[in-house]
Amino acid sequence: MLEYNIDLSGKTILVTGAAGFIGSNLSKRLLSDFEGIKVIGIDSITDYYDVNLKYERLQEIESLSKDWTFIKGNIADKALIEQVFTEHSIDVVVNLAAQAGVRYSITNPDAYVESNLIGFYNILEACRHHEVEHLVYASSSSVYGSNKKVPYSTDDKVDNPVSLYAATKKSNELMAHAYSKLYNIPSTGLRFFTVYGPAGRPDMAYFGFTDKLVKGDTIKIFNYGNCKRDFTYIDDIVEGVVRVMRHAPEKRTGEDGLPIPPYKVYNIGNNQPENLLDFVSILQEELIRAGVLPADYDFEAHKELVPMQPGDVPVTYADTTPLEQDFGFKPSTPLREGLRKFAEWYIK
Ligand SMILES: NC(=O)c1ccc[n+]([C@@H]2O[C@H](COP(=O)([O-])OP(=O)(O)OC[C@H]3O[C@@H](n4cnc5c(N)ncnc54)[C@H](O)[C@@H]3O)[C@@H](O)[C@H]2O)c1
């Protein structure tokens, strides 16, 4: 196990994408768990999905603590980012702001270049000039492309992205490596594997399926249900991010007198791939249990098995051994438990 070398109490943390699914849950957790912490959230509130959900998440954080500051702004705006770092003397950054989604990158590539490349570059530059203690940033399981070997390991070659989204996430890891090497900025990238839970992203399959089933529409199950995914419950992701934030990779000098990059990348996934059809069956059972769907719902009549979509990959499944070894933690919330919480939130 690694020893924590950052005490988050009393620190100022910048969370980008703070109105997003993961960012909002992380902000709440930081504000409730660490004495004297200040959390600065930034988000441009993109309309990629319903902005009301983002404003609701922000309201919930706002009601929790006075040590919370929200800035509505774009991380691709370099002057704004410079101003935020200057005004708030940021100790730790968690960069979650991004244009997410694989399918949307096929029709809207500009959004990915702006948020994921220019925005991330601005964050790196600010970390460089303001001597941030640790930069933690979101990567994605999509960097594994259509790799055949599972479970996916951070030692695997990931040079063949199958979407622009994946290419931007891999680029983030490369850019972070260069900045860690050149400017000795401790950075940790986290490859998240399909995150789900209450107030999650409406663009994701479990949420979209629920909306459709409620309306009585038919849901399309891609690759005839033979997709396997690591579905990772939001609280597990937040727990992983908080642990990782507290250990910045050590600064060391190599034989050439230059920094050995203080740089790490971890997978953070459930390590237990679930078949999409089983996933959907559990979801349906839990939606009935929570009263979202009627007890006699004819599920068979509302599902259609269809082929793969461009950019999709058949199996994603994380090797989480390094995370376990270094942080003594791996996501473990059972799917039924997580979907139960989602269904109970949905009915409210
Ligand atoms: N949820 C998942 O399953 C998953 C899986 C892999 C990786 N990730 C990554 O994790 C991070 C968080 O994901 P999420 O699920 O919370 O997504 P999300 O879309 O709910 O949150 C991202 C937030 O970033 C904001 N944003 C986008 N571009 C911005 C910009 N230029 N400036 C400021 N704010 C901007 C959006 O308004 C949004 O609120 C993202 O980087 C995503 O790519 C998520």
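Below is a table of values for the structure above.
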read-out	value
Residue satisfying condition, being open to solvent by 20 Å² or more (accessible area, probe 1.4 Å), at pLDDT 95 or above and near the ligand (Cβ under 9 Å from one of its atoms), within set ASN5, ASN74	ASN74
Single residue of the stretch 124-153 satisfying the filter (in a helix (DSSP H, G or I) and open to solvent by less than 10 Å² (accessible area, probe 1.4 Å)) that is nearest to the ligand (Cβ to nearest atom)	VAL143
Identity of the residue in the stretch 88-109, outside any loop (DSSP other than H, G, I, E, B) and under 25 Å from THR188 (Cβ atoms), that ends up modelled with the lowest pLDDT	SER105
Enumeration of residues in the stretch 306-327 that are touching a helix residue (DSSP H, G or I) at 6+ places or on another chain (Cβ under 8 Å) and over 14 Å from ASN226 (Cα atoms)	PRO310, GLY311, ALA318, LEU323, PHE327
Verdict on LEU53 being more than 9 Å from the ligand (Cβ to nearest atom), within 21 Å of the chain's Cα centre (by Cα) and open to solvent by less than 30 Å² (accessible area, probe 1.4 Å)	no
The listed residue being away from the ligand (no atom under 13 Å from the Cβ) and within 23 Å of THR168 (Cβ to Cβ), out of ILE42, ILE106	ILE106
Residues located in the stretch 8-20, provided they are near the ligand (Cβ under 10 Å from one of its atoms) and out of contact with any Gly (no Cβ under 9 Å at 6 or more places or on another chain)	GLY20
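Let's see how each residue does on (1) over 19 Å from PHE299 (Cβ atoms); (2) surrounded by fewer than 19 Cβ atoms within 10 Å (Cβ to Cβ); (3) in contact with a strand residue (DSSP E or B) (Cβ under 9 Å, 6 or more places away or on another chain):
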| residue | (1), (2), (3) |
| --- | --- |
| ALA176 | yes, no, yes |
| SER180 | yes, no, yes |
| ARG191 | yes, no, yes |
| PHE209 | no, no, yes |
| VAL214 | no, yes, no |
| THR218 | no, yes, yes |
| ASP230 | yes, no, yes |
| VAL242 | yes, no, no |
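The rows are residues; the columns are (1) open to solvent by less than 40 Å² (accessible area, probe 1.4 Å); (2) of a type in the set (A, V, I, L, M, F, W, C).
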| residue | (1), (2) |
| --- | --- |
| TYR263 | no, no |
| GLN272 | no, no |
| VAL280 | yes, yes |
| LEU287 | yes, yes |
| ALA295 | no, yes |
| PRO314 | no, no |
| LEU323 | yes, yes |
| GLY328 | no, no |
| LEU335 | yes, yes |
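The values are calculated or read from the model by the stated rules, or taken from the named source; none is laboratory data. The structure displayed is predicted, hence computed values, not measured ones. Here Cβ is always computed from backbone atoms with ideal geometry, including for glycine, and neighbour counts include all displayed protein chains. These accessible areas exclude ligands, DNA and RNA; they are computed on the full protein's heavy atoms, side chains included. Shrake-Rupley method; radii C 1.70, N 1.55, O 1.52, S 1.80 Å.
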